[in-house]
Amino acid sequence: MKKTVFLCVGGDARQIYMGRKLAEYGKVYTYRIFDSSPNVVSLDSLDKMEEKADVLVLPMMSGGELEIPCQRGAEVNCQDLAPYLRKNAIVTGGRLGTRLIEYFSALGFEVADYFKREELVVKNCIPTAEGALQLAMQELATTVFGSRTLIIGYGRVAKAAAALFKAAGSEVACTARKLGALAEAENSGLKAFHINELFGHIGRYDLIINTAPSMILDEAMLEAVSKDTLIIDLASKPGGVDFEAAARLNKRAIQALSLPGKVAPITSGEIISEAVKNIINERGVKNVT
């Protein structure tokens, strides 16, 4: 049986290890991914592809346009890639914008966003939480052990972060809107209070980790934050922190995007490759187990 042919384009260090893992399931061409592995064919020109790809794998996208972010500041336009795909090829990537989805769909390609895959989201929580802990250790003037940490939200990432910071010796509390989430947090041994009570509590913490994807820490709330507190926003853009207000108020706030790719690119790349493999198998194009 002919091997599945992958074309992997752009991205950060995660894409290097994703491509290497996908090479266990098929033939992998990479473009604008600077990898010297003998298991992949690294292209300096798409015209050097020996065959068209069954699967186009894009990185985590940062905007709603057709430009693909690449290492070393380069960009590739999706329109340059379409001629190198087989008829009915699968196009997959993370956080795919509407324009990109409509473009490839109009050409007859099937489009799937691997960032919406449950298995990827769940597994990505660990490198995200570890990245937050690493940031805290770098930026706090005190140890994490013995600190007081507030986590805003209690979804998957928040739960992973709460468990990790608690294990590191921090006194962890969480705040959320849903009563069920607060009950679950309390069952896990955390202090918990409703988000409506946040203003009265927020000045007590050394570290605040936001996981809520909507604005929570606005200027009024930031004014109540202690001057020595570190704020780490793990939510996707635009996040839950008013960073302009934080700068004006001289409050330390970090927008920590794409932590899995920064702190654990091998693990994160393998997580993406697993999601891509599952997408292919579910669609029955070829079995890549």
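What follows is calculated from the coordinates using simple rules that are stated; it is not laboratory data. Treat the numbers as computed from the prediction; the structure is a model and nothing was measured. No Cβ is skipped: glycine too gets one built from the backbone with ideal geometry, and neighbour counts run over all protein chains shown.
Quick notes
- On full extension, the segment bounded by ASN196 and GLU50 gains 46.6 nm, given 0.36 nm per residue less the C-alpha separation.
- The phi torsions of the stretch 224-239, fed into the Karplus equation with coefficients 6.51, -1.76 and 1.60 and a -60° offset, translate into couplings of 7, 6, 4, 5, 9, 6, 9, 10, 10, 9, 9, 6, 5, 3, x, x Hz, rounded to whole numbers, with Gly and Pro shown as x.
- When each of LYS3/LYS237; LYS116/LYS262; LYS178/LYS237; LYS159/LYS262 is checked by Cα-Cα distance, pairs over 29 Å: LYS3/LYS237
- Anisotropy class of the stretch 1-119 from Cα gyration tensor, a/c 1.5 cut: rounded
- Sorted by Cβ neighbour density within 10 Å, fewest at the top, the residues THR211, THR4: THR4, THR211
- Full-stretch length increase - GLU244, THR143 - with 0.36 nm per residue and alpha-carbon distance subtracted: 33.6 nm
- Burial ordering of VAL111, VAL55, fewest other beta-carbon atoms within 10 Å first: VAL111, VAL55
- Between 0 and 90°, nearest 10: helix 118-139 axis offset from the chain longest Cα axis: 50 degrees
- Karplus-derived 3J(HN,Hα) values for the stretch 6-21, using 6.51 cos²θ - 1.76 cosθ + 1.60 with θ = phi - 60°, are 9, 10, 9, 10, x, x, 10, 4, 4, 5, 4, 6, 4, x, 5, 5 Hz; glycine and proline are entered as x.
- Using R0 = 25 Å, the C-beta based FRET efficiency linking ARG283 and SER36 works out to 0.20.
- When the square roots of the Cα gyration tensor eigenvalues are ordered a ≥ b ≥ c, the ratio a/c for the chain is 1.5 or more and a/b exceeds b/c, which makes its shape prolate.
- Sum of side-chain charges, SER45 neighbourhood, beta-carbon under 14 Å (Lys, Arg +1; Asp, Glu -1): -2
- LEU96 sits among other residues whose Cβ lies under 14 Å from its own Cβ, and their net charge, with Lys and Arg +1 and Asp and Glu -1, is -1.
- Charging the Cβ of each Asp and Glu at -1 and of each Lys and Arg at +1, and nothing else, the dipole of the stretch 1-85 about its Cα centre rounds to 360 debye.
- Listing PHE6, PHE115 from fewest to most neighbouring C-beta atoms within 10 Å gives PHE115, PHE6.
- Counting charges near LYS21 (Lys, Arg +1; Asp, Glu -1) among other residues having Cβ under 9 Å from its Cβ returns a value of -1.
- Using a simple spin-label model with pseudo-atoms 7 Å out from Cα toward Cβ, ARG86 and SER105 lie 2.4 nm apart.
- Prolate/oblate/rounded call for the stretch 73-120, Cα gyration tensor, a/c under 1.5 rounded: oblate
- Expected 222 nm ellipticity per residue - DSSP helices of 4 or more, -39500 (n - 2.57), all of the chain, to 500: -10500 deg cm²/dmol
- Partner lysines whose Cα lies under 16 Å from the Cα of LYS227, excluding those fewer than 8 positions away in the same chain, are identified as LYS251.
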